[in-house]
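A short write-up of the structure that comes next.
The values are calculated or read from the model by the stated rules, or taken from the named source; none is laboratory data. In this text, all values refer to a predicted model and were calculated from it rather than measured experimentally. Glycine also receives a Cβ, built like all others from the backbone with ideal geometry; neighbour counts cover every protein chain displayed.
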Amino acid sequence: MIAYICTNCSRPTSSLYKVYSSPGSIQLTTCQACLHDIDPYIEREWLLVAMDCVLHRPEALRHVMYNREPCSSLASDEIRRTHHSMLTQAEKLFTFCYNRSWGI
């Protein structure tokens, strides 16, 4: 099941990082399309993520909207698909309004 997206290019992916045997040791997954880390925000403090969201950084917004679990890990696939669909529409609306307000 594809549950996450790359925060740079929005490509779907199945994992954000790989966990190693030593506690707290992870390696971020690299996106096959853009060759950036899938989601570098998972290693950042929540305050920095919140500040980037306030500054309307698309990568931070994608992290919060797509790569953070909205409900428990036991949520059904239908709930996840509905949530993903709603977030995709919200992102398109935000991008349209943002580009229109700045004349892009």
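Quick look at the numbers
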| quantity | calculated |
| --- | --- |
| Considering residues of region 9-57 that are in contact with a helix residue (DSSP H, G or I) (Cβ under 6 Å, 6 or more places away or on another chain) and free of Cβ contacts under 8 Å to residues at least 12 places away in the same chain only, the residue nearest to ARG68 (Cα to Cα) | CYS53 |
| Qualifying position, being in a loop (DSSP other than H, G, I, E, B) and modelled with pLDDT of 70 or more, among ARG68, ARG62 | ARG68 |
| Answer residue from region 1-12, given it is within 13 Å of the chain's Cα centre (by Cα) and assigned to a loop (DSSP other than H, G, I, E, B) and is surrounded by the fewest Cβ atoms within 10 Å (Cβ to Cβ) among those | ILE2 |
| Count of region 13-58 residues which are modelled with pLDDT of 90 or more, in contact with a strand residue (DSSP E or B) (Cβ under 9 Å, 6 or more places away or on another chain) and either in a loop (DSSP other than H, G, I, E, B) or closer than 24 Å to LEU93 by Cβ (or both) | 6 |
| Odd one out for ILE2, checked against (1) touching a strand residue (DSSP E or B) at 6+ places or on another chain (Cβ under 6 Å); (2) at pLDDT 85 or above | (2) |
